[in-house]
Amino acid sequence: MNKIRTVIVDDDTFAIENLIDDLIPYDNIEVINTFRDGRTGLEGINQQRPDLVFVDIEMPELNGFEMLSRLEYSPVIVFCTGYSKYALEGYDYDPADFIIKPVKKEKFRMAMEKAFRDLENQDHERRLLNQKIQHGYLLLEFREHNESRTVCVYPDEILFIQSHRDYVEYHLREPESFDLPTGSGILIKKTLKKALDELQSQGFLQVHKGYVINSRKIREFRDNTYLLLEGLENTIIPVSREGRKLLKAWLKKEALS
């Protein structure tokens, strides 16, 4: 059985020790690290990517809520704090449970049962995602309203990709089917080159320094300077000089095939 990799973030040394003692009966739990403030907790969790995190709320540097809002992914969370006043806000972060110090054994047992259920559900979701990736879907992980989201997009759903400095935006054929507002895209920290590398074999072309397009969606190439794509009424994709050469070569190849 794989161990459940666990991290504790709390500025109280005794609270950390007590939690470690409470976890001893659980053979499937491995505490891989502990942190005593939110900033080092944030860095350590993003690097080590544990499955389960116990986190206090009132801490130096970053409090528990601030730390969780900046995580790059979504581990299972159990809040462990001395203040019940944070409970309502805490549930905005979808924790497995919210337990109050000093921790009572029965309450801790119930919290662990909830955490195990959430971990099992996450494992099932990961297996489904892996199956989709094996069938050619593209995995996109991003943050929306301080929450991590993961979607699997089939390449044909992507109309074009636009560069925004350190980010790229995937514009989809039917964004509403991914619970996105009409006209919006998925913004991800990634270079346009990497985005192209992932999709070049699927017929995607870089037609401008800031744009990669799905060649299957080309509706019209106008005046040798811009493209119109299917599914987009008012969006014009600029074409650079190098992009024009690439595009014409592709159009010629398509005409001969």
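What the table shows:
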| quantity | calculated |
| --- | --- |
| Per-region count, region 195-214, residues in a strand (DSSP E or B) and under 18 Å from Arg173 (Cα atoms) | 6 |
| Count of residues meeting criterion [of a type in the set (A, V, I, L, M) and surrounded by fewer than 17 Cβ atoms within 10 Å (Cβ to Cβ)] in region 1-26 | 3 |
| Which listed residue is in a helix (DSSP H, G or I), of a type outside the set (A, V, I, L, M, F, W, C) and under 24 Å from the mean Cα position of the chain (by Cα), from Thr40, Thr6 | Thr40 |
| Residues within region 224-257 that are at negative phi, within 35 Å of the chain's Cα centre (by Cα) and not basic (Lys, Arg), tallied | 19 |
| Unmet criterion (only one of (1) surrounded by fewer than 17 Cβ atoms within 10 Å (Cβ to Cβ); (2) touching a helix residue (DSSP H, G or I) at 6+ places or on another chain (Cβ under 6 Å); (3) modelled with pLDDT of 90 or more; (4) not basic (Lys, Arg)) for Leu172 | (1) |
| Residues that are in contact with a Lys or Arg (Cβ under 8 Å, 6 or more places away or on another chain), in contact (Cβ under 8 Å) with a residue 40 or more places away in the chain and either in the same structural domain as Pro95 (by TED's automatic domain parsing) or buried (at least 16 other Cβ atoms within 10 Å of the Cβ) (or both), drawn from region 144-167 | Ile158, Leu159, Phe160, Ser163 |
| Per-region count, region 216-257, residues surrounded by fewer than 18 Cβ atoms within 10 Å (Cβ to Cβ) and either part of a helix (DSSP H, G or I) or among the hydroxyl-bearing types (Ser, Thr, Tyr) (or both) | 20 |
| Every residue from region 50-74 that is modelled with pLDDT under 90, in a loop (DSSP other than H, G, I, E, B) and within 22 Å of Lys189 (Cα to Cα) | Arg70, Leu71, Glu72, Tyr73, Ser74 |
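The values are calculated or read from the model by the stated rules, or taken from the named source; none is laboratory data. What you see is a predicted model, and the numbers here were worked out from it, not measured in a lab. Positions of Cβ are backbone-derived with ideal geometry, glycine not excepted, and every protein chain shown enters the neighbour counts.
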